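First the structure, in the form of structure tokens, and then the observations on it.
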Amino acid sequence: MPTSFGNRRALLKVVVAAALATTAVSVPGAAPASAATTADGFASVNALGQNGTTGGAGGAVVTAGTTAQFLDYIARPEPLVVQVKGTITLPTGTTDGMHDVASDKTIIGLGADARLVGGGLNIGLPVDDDVTSPPADAVHNVIIRNLALTGATDDLINVQMFSHHIWIDHNDFSNGDDGAVDIKRGSDFVTVSWNRFHDHDKTLLLGHDDDNGAQDIGRLRVTYHHNYFDGSDQRNPRVRFGESVHVYNNYYRDNSYGVASAMNAGVVLEGNYFFSVNNPGRVDFSGDLGRIVARDNILVECNHKIELRGSVVEPRTYYGYTLNRAADVPTIVPAGAGTGRS
């Protein structure tokens, strides 16, 4: 871990100063990513009856300091801002340690030491292969910020079954048994930003499997930006079917591969910094080939170039964004990603 939580607070000024020196994409409405107080990327898009992602805004603010309180609050039907205090140990039980989060929730850690250990969060209805379009009761409008999630017996966070408008921001993910953040089965309009992933193997799955096109084609629109892939081995992310998938201004260090695009997925890969990554971007992972459009990335001590194929719907047709210079990413991202800053 490059800095302590205390040092990270001191470095926040560096992050803000660096954001002021960003190079803007020529689209309206852009703002420096590290200054965001509301969801950006695909989570900000007005779609599916939801105008952006606001979580529990407008609901009561409650504090969970015990497992029982936490599980009660996240499952309630009304909007809630759930503040997490200290360490919450999630039971495994008969659910593989996955615990359901209801719509209209903000789950946010207090301070720099809020942690969820032993289990994971499930954002989505139960799996049903016969459902191929968004149901009226799909889980939506969920924000998860400023939490360390570690040691789950399954995924740390799982988003499934047409869940939409999800913002996962400024968290620390490590040592889960399966995925860190898996997004699948028709989920849509998600942003994963300013997180640190470390001591983990299969990091980010986007798209359930090669046979799940009926649910996934035309969906899985996800933004990944300003994340620190700090030795996380693979799936950073591993994409099937989704388009557009926007991967920008992330810092990759010591990974077996960065982005894999398959099953005709469409990924825009821009402004990222890859250091000591065996294969930064590939389109030949398994199944049908995917597509990657790449621009303004920096590769240092990497064994392969980014594989390019086809064209992809541009993210700027959905939202505005500000792009940092790739050369600044190794400074900005480690200083700003993770907990204790949101």
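What follows is calculated from the coordinates using simple rules that are stated; it is not laboratory data. These figures come from a predicted structure and were not determined experimentally. All Cβ positions, even for glycine, are placed from backbone atoms using ideal geometry, and neighbour counts span all protein chains on display.
Rg(Cα) of the range 202-295 divided by 2.2 N^0.38 Å? Numbers along the way, then the final one.
Details: Rg = 12.0 Å, N = 94, 2.2 N^0.38 = 12.4 Å.
Here the answer is 0.97, to two decimals.
Once the piece of chain linking Glu78 and Val117 is laid out straight, how much longer is it, given 0.36 nm per residue of separation minus the C-alpha distance between them?
On the way: separation 39, 0.36 × 39 = 14.04 nm, distance 2.52 nm.
Full extension of this stretch gives 11.5 nm more.
Hey, quick one: spin label on Ser286, modelled 7 Å out along Cα-Cβ, who in the range 181-209 has an amide N within reach, i.e. under 18 Å?
Backbone N within reach: 181-185, 201-209.
What list of ³J(HN,Hα) couplings, whole Hz, do you get for the range 71-87 from phi and the Karplus terms 6.51, -1.76, 1.60, once you set θ to phi - 60° and write x for glycine and proline?
Calculated HN-Hα couplings, in order: 5, 5, 5, 5, 9, 5, x, 8, x, 8, 9, 9, 8, 9, 10, x, 9 Hz.
At what distance in nm do the modelled label points of Asp254 and Thr95 sit from each other, each positioned 7 Å from its Cα along Cα→Cβ?
3.5 nm
Where Rh denotes the Kirkwood radius from the mean inverse Cα pair distance, what is Rg over Rh for the range 250-342? Show your work: numbers first, answer last.
Details: Rg = 13.9 Å, Rh = 14.0 Å.
Radius of gyration relative to Kirkwood radius: 0.99.
With a ≥ b ≥ c the root eigenvalues of the C-alpha gyration tensor of the chain, is it rounded (a/c under 1.5), prolate (a/b larger than b/c) or oblate?
On the way: a/c = 1.41, a/b = 1.15, b/c = 1.22.
Rounded, since a/c falls under 1.5.
Applying the Karplus parametrisation 6.51 cos²θ - 1.76 cosθ + 1.60 with θ = phi - 60° to the phi angles of the range 113-118, what ³J(HN,Hα) value in whole Hz is obtained for each residue in order, glycine and proline being reported as x?
Result, rounded to whole Hz: 10, 7, 9, 10, 10, x.
Picking from Gly186, Gly59, Gly49, which is most flexible by a Gaussian network model of the chain using Cα springs under 10 Å?
Gly49
For every helix of n ≥ 4 consecutive DSSP H residues, a contribution of -39,500 (n - 2.57) applies; sum these over the chain, divide by its total residues, and give [θ] at 222 nm rounded to the nearest 500 deg cm²/dmol.
Details: 4 runs with 36 residues, N = 342.
Value at 222 nm, helices only, nearest 500: -3000 deg cm²/dmol.
Any chance you could run the full-extension gain for Asp209 through Glu301? It's 0.36 nm times the residue separation minus the Cα-Cα distance, nm to one decimal.
On the way: separation 92, 0.36 × 92 = 33.12 nm, distance 3.14 nm.
That works out to 30.0 nm of additional length.
Looking at the chain, send over the antiparallel percent of its DSSP beta bridges, to the nearest 5.
Here the antiparallel bridges make up roughly 10 percent for the chain.
Given H placed on each backbone N at 1.01 Å, which residues far from Asp100 in sequence or on other chains put an amide H within less than 5 Å of it?
When sequence neighbours closer than 5 places are left aside, the close amide H contacts are Asn122.
Taking θ = phi - 60°, what integer Hz values does the Karplus form 6.51 cos²θ - 1.76 cosθ + 1.60 yield along the range 275-288, in sequence order, with x for Gly and Pro?
The phi angles translate into 10, 6, 10, 4, 9, x, x, 9, 10, 10, 5, 6, x, 5 Hz.
Please compute the contact order of the chain in relative form: average sequence separation of alpha-carbon pairs under 8 Å and at least six residues apart, divided by the residue count, as a percent. It would help to have the intermediate numbers written out before the result.
On the way: 1100 pairs, mean separation 54.0, N = 342.
It comes to 16 percent, rounded to a whole number.
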